[in-house]
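The values are calculated or read from the model by the stated rules, or taken from the named source; none is laboratory data. None of the values given here were measured: they were computed from a predicted structure. Backbone-built Cβ (ideal geometry, glycine too); neighbour counts: all protein chains shown.
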Amino acid sequence: MTKAAVMNFTKSMARQLGPKGIRMNGVAPGPIWTPLQVSGGATMEKLTKLGGDTPLGRPGQPSELASIYVQLAASDASYATGQIYGAAGGDGQP
């Protein structure tokens, strides 16, 4: 799926499931450093450039996304549905 498809799916599901009390949100991360990049066959040249074109100039760390997921799971986020939360190092929303 493309990013647009995931975004549209999230918003559509939020509309359909909202009346049942089910919230639907999405997280759209930018380049995030994980061990999968190394084991997935990426070249060292590609790995050294990962996230270099973002305004922050580096890839994100998985721990930098954790607060987004915690907020979405918290009871005080009960009014948030159909939203896409971006964490792309300054590259903006999807």
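Within region 3-31, how many residues turn out to be of a type in the set (Val, Ile, Thr) and under 22 Å from Gly90 (Cβ atoms)?
Narrowing region 3-31 to residues of a type in the set (Val, Ile, Thr): 6, 10, 22, 27.
Then drop every residue that is not under 22 Å from Gly90 (Cβ atoms), which leaves 6, 27.
Qualifying residue count for the region: 2.
Of all residues in region 77-94, which are within 14 Å of the chain's Cα centre (by Cα), over 11 Å from Gly18 (Cβ atoms) and either assigned to a loop (DSSP other than H, G, I, E, B) or modelled with pLDDT of 95 or more (or both)? Answer for region 77-94, where residues must be within 14 Å of the chain's Cα centre (by Cα), over 11 Å from Gly18 (Cβ atoms) and either assigned to a loop (DSSP other than H, G, I, E, B) or modelled with pLDDT of 95 or more (or both): Gln83, Ala88, Gly89, Gly90, Asp91, Gly92, Gln93, Pro94. When region 32-50 is filtered for residues that are exposed (fewer than 12 other Cβ atoms within 10 Å of the Cβ), in a loop (DSSP other than H, G, I, E, B) and not hydroxyl-bearing (Ser, Thr, Tyr), the ones remaining, listed by number, are Gly40, Gly41.
Search region 32-41 for residues being out of contact with any Gly (no Cβ under 6 Å at 6 or more places or on another chain) and closer than 20 Å to Asp91 by Cβ, and hand back the single one that is modelled with the highest pLDDT. If you could, list the steps in order and put the result at the bottom.
If we filter region 32-41 for residues that are out of contact with any Gly (no Cβ under 6 Å at 6 or more places or on another chain), which is where we start, we get 33-41.
Filter once more, keeping what is closer than 20 Å to Asp91 by Cβ: 33-34, 37.
On the way: Trp33: 89, Thr34: 85, Gln37: 77.
The extreme case among them is Trp33.
Here Leu72 clears all of (1) part of a helix (DSSP H, G or I); (2) surrounded by 15 or more Cβ atoms within 10 Å (Cβ to Cβ); (3) of a type outside the set (Lys, Arg); (4) touching a helix residue (DSSP H, G or I) at 6+ places or on another chain (Cβ under 9 Å) except the condition numbered (4).
List pairs: first in region 1-24 and assigned to a helix (DSSP H, G or I), second aromatic (Phe, Trp, Tyr), Cβ under 9 Å, 6+ apart or cross-chain? Sorted first by the residue in region 1-24, then by its partner, the list stays empty.
Residue by residue, here is whether (1) closer than 27 Å to Phe9 by Cα; (2) of a type in the set (Val, Ile, Thr); (3) out of contact with any Cys (no Cβ under 8 Å at 6 or more places or on another chain) holds:
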{"residue": "Ala28", "(1), (2), (3)": "yes, no, yes"}
{"residue": "Pro31", "(1), (2), (3)": "yes, no, yes"}
{"residue": "Thr34", "(1), (2), (3)": "yes, yes, yes"}
{"residue": "Leu47", "(1), (2), (3)": "no, no, yes"}
{"residue": "Gly51", "(1), (2), (3)": "yes, no, yes"}
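Of all the numbered requirements in (1) exposed (fewer than 12 other Cβ atoms within 10 Å of the Cβ); (2) in contact with a strand residue (DSSP E or B) (Cβ under 6 Å, 6 or more places away or on another chain), Pro19 misses one, and that requirement is (2).
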